[in-house]
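Throughout, read-outs are computed from the coordinates displayed, never taken from laboratory work. Everything numeric in this text was worked out from a predicted model, so none of it was measured. Virtual Cβ from ideal backbone geometry, glycine too; neighbours counted across all protein chains shown.
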């Protein structure tokens, strides 16, 4: 796999906000700040377990949140802005690292080297442009995540949004999330039900590398 790290990268966070400031009802479980992810350790650049997004994406997600609350759901975010150096860690892990300790949990049916070819990991991630978010729904009545038929970051055909080998209820739950996200300007991808990018993103050609840190935004 060819790896091209030559791209427009900046440390300027001026167009970004702390998502919770725009969407107070948001629930956050920032997986790459923890060790419970497909690599098995905290990822480079994640200095705080908070979601950062561009102002435009945060505003759009606020509208999504408002719609979902009316329907009895809250948004739960697993990842938002992702520094470019975090993506480089993913790529180097895929190329050089022989560690597969998290394989049973995140890619049980795939070899780690195939995660790039299958589209689950990108050498240049839309997350690093600041307007992409990974999220699910939480049922306000039960206080539990809605059953989407597969967990976040399960790299498998089961996680494709249009996969029909799940129950009708699980599929409908995916569509509830997708329809509201699309209605508010976000675009899904074909291999992860949780992944959405703002269609009219403000920085379509720029990748950012400042850390995931609310303090950094105050500088």
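General observations
- Verdict on residue 203 being assigned to a loop (DSSP other than H, G, I, E, B), under 18 Å from the mean Cα position of the chain (by Cα) and surrounded by 16 or more Cβ atoms within 10 Å (Cβ to Cβ): yes
- Residue in region 117-132 that is over 20 Å from the mean Cα position of the chain (by Cα) and in a loop (DSSP other than H, G, I, E, B) present: no
- Of all the criteria given as (1) within 17 Å of the chain's Cα centre (by Cα); (2) surrounded by fewer than 18 Cβ atoms within 10 Å (Cβ to Cβ), the one not satisfied by residue 162 is (1).
- Tallying residues that are in a helix (DSSP H, G or I) and surrounded by fewer than 18 Cβ atoms within 10 Å (Cβ to Cβ) within region 172-187 yields 7.
- Selection status of residue 46, in contact with a helix residue (DSSP H, G or I) (Cβ under 8 Å, 6 or more places away or on another chain) and closer than 27 Å to residue 173 by Cα: no
- Against the list (1) over 16 Å from the mean Cα position of the chain (by Cα); (2) farther than 25 Å from residue 202 by Cα, the condition residue 59 fails is (2).
- When residues in region 147-171 are screened for being assigned to a helix (DSSP H, G or I), in contact (Cβ under 8 Å) with a residue 12 or more places away in the chain and farther than 26 Å from residue 39 by Cβ, 3 of them pass.
- Single match in 27, 69 (criterion: over 15 Å from residue 130 (Cβ atoms) and under 16 Å from the mean Cα position of the chain (by Cα)): 27
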